[in-house]
Amino acid sequence: MKENALRAGLDSFNLGEYIEAVRANGRARLDPEVRAQAAELYEDIVPAKDSLYISEDLARTIRLAERVLEPEWMFVQDPIPRYPNYTNWRALNWVLGTYRHMSDVQLSRSCLSGIRILAADWLDFELRTYAGLERFSLDSVPTEQLPERLSRIHAIAEAANPLEPIASTNSIQPPARWRDYVFDSTRTLTLRFLTALPQTTQHDEITFLRTIHIGEACFWAQLGSVMHAIEWLKQGNFSAGETCLRNAARFAGFSKLVFKAMKTMPDEHFMLGFREATGNASAIQSMTYQLLQIFTLGLDPQKVDALARIPEHRPLLLYGNPKFVSLKAKLIELDEKGTLPESLRNAAYDLDKKMYAWRGEHLGIAKRYLADLQPGTGGTAGVLYLENHFRHRIFADPDFVPVTNVDLGSLRSVRARPVFSNQN
């Protein structure tokens, strides 16, 4: 497809009107013609996304547009949401930059910025609601809980950068043109308007989505730090490895703040309000979280079947081989050799404690909001599934033995994918 035709197709899709329609009616009730237009445009631009024969500014626009439009294309194929299209995971990853390789320091900075912008936008949304100025997502507003929620969201933004004032994002309308999002150096526009696109007009679905988005940013930062820590430890640079683990622990600590904000959501607002609209979306479908668990502890034998059922997660089974070294395996090796520095052990314990606390909090939330839901989301056993996995630890879990013998012959048709990939 020629460059002029690609530009014309992109220009014909008014992003501002699309966003307003989703926020006004819920994505589940989006005009079928708008969805069909989005899906058709997606099919037009995908073949050109890696083309060497288009200008760089158009290539950048296509890379974002492909991520934004893919969920609508997925909804045309199957109207039941899954995690990638329900959460707009790939649009979020475009902002965080996880489609390309970067250092752990660069990734941490990107994730910190993303967390702060997401929290500021969430804070503005709740403040506008509290002041009676918000136009969207006004069903079942938890009026009594809003003051406490505002305080807890503010704590998230402040934790991300206590030295920087929390900037308001509420003075702008969604731009209509793709280029406004692509060339926004802060990427605030994409985070604000192209990630939180709820299925319903239930107020607390925004709470649910923002919890997921901030959680994903935390997972990415932890994952990058854990991966770099493993490589430093392989080289015997224990000081650099320790620094990476302490950075990972910092992001793991954000999780408690995020869950505190989410817990202001009344139980019935989830189960009776928008749970059905989330479809088959499930945390197990978070590629980021599964990678974080694998690089930290190794491939969990009890997760093999669940991961194998998710097509895009099948490549994760390739980590079930004797050449893969997890953080747990490397630390235990150093410990058995008597070469594990005490400060490094303490850093690993701190990270492990905070990751364990997150899993415990997640289990508690599942018991509160999903206790009566059987089977669980994503084809799992729900709460029972989480109970079987949340206790795994780096040091104090002798019964956990990661998989190192997955039959790779059965996975010959599965292509390995880098952690930092255009598929993100």
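The values are calculated or read from the model by the stated rules, or taken from the named source; none is laboratory data. No experiment lies behind these values; they were computed from the predicted model shown. Cβ placement follows ideal geometry from the backbone for every residue including glycine, while neighbour counts extend to all protein chains displayed.
Flag: residue 204 matches the condition of being more than 27 Å from residue 243 (Cα to Cα) and either polar (S, T, N, Q) or modelled with pLDDT of 95 or more (or both).
Looking at 150, 146, 191, just one residue is of a type in the set (A, V, I, L, M, F, W, C), under 16 Å from residue 15 (Cβ atoms) and at pLDDT 95 or above, and that residue is 191.
Could you list, ordered by first residue, the pairs with Cβ atoms under 7 Å in which the first is in segment 312-336 and in contact (Cβ under 8 Å) with a residue 60 or more places away in the chain and more than 17 Å from residue 352 (Cβ to Cβ) and the second is of a type in the set (Gly, Ala, Ser) and assigned to a helix (DSSP H, G or I), at least 6 apart or interchain? As it stands, the answer is 314/308; 317/308, since those pairs meet every condition given.
When you check residue 50 against the structure, is it charged (D, E, K, R) and part of a loop (DSSP other than H, G, I, E, B), yes or no? Considered against the rule, which asks whether it is charged (D, E, K, R) and part of a loop (DSSP other than H, G, I, E, B), residue 50 comes out as yes.
Do we have any residue at all in segment 47-62 that's crowded, with 20+ Cβ neighbours inside 10 Å and closer than 26 Å to residue 201 by Cβ? Looking for residues that are crowded, with 20+ Cβ neighbours inside 10 Å and closer than 26 Å to residue 201 by Cβ, one finds none in segment 47-62, hence no.
Only one entry in 112, 92, 64 is over 23 Å from residue 180 (Cβ atoms) and in contact (Cβ under 8 Å) with a residue 12 or more places away in the chain, namely 112. When segment 231-262 is filtered for residues that are part of a loop (DSSP other than H, G, I, E, B) and not small (Gly, Ala, Ser), the ones remaining, listed by number, are 235, 237.
Within segment 185-232, the only residue that satisfies the criterion of being farther than 30 Å from residue 332 by Cα, among the aliphatic types (A, V, I, L, M) and over 17 Å from the mean Cα position of the chain (by Cα) is 189.
Conditions tested, residue by residue: (1) closer than 26 Å to residue 417 by Cβ; (2) outside the structural domain of residue 172 (by TED's automatic domain parsing); (3) under 21 Å from the mean Cα position of the chain (by Cα).
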{"position": "51", "(1), (2), (3)": "yes, yes, no"}
{"position": "67", "(1), (2), (3)": "yes, yes, yes"}
{"position": "74", "(1), (2), (3)": "yes, yes, yes"}
{"position": "109", "(1), (2), (3)": "yes, no, yes"}
{"position": "120", "(1), (2), (3)": "no, no, yes"}
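Flag: residue 115 does not match the condition of being hydrophobic (A, V, I, L, M, F, W, C), outside the structural domain of residue 151 (by TED's automatic domain parsing), assigned to a helix (DSSP H, G or I) and out of contact with any Ser or Thr (no Cβ under 6 Å at 6 or more places or on another chain).
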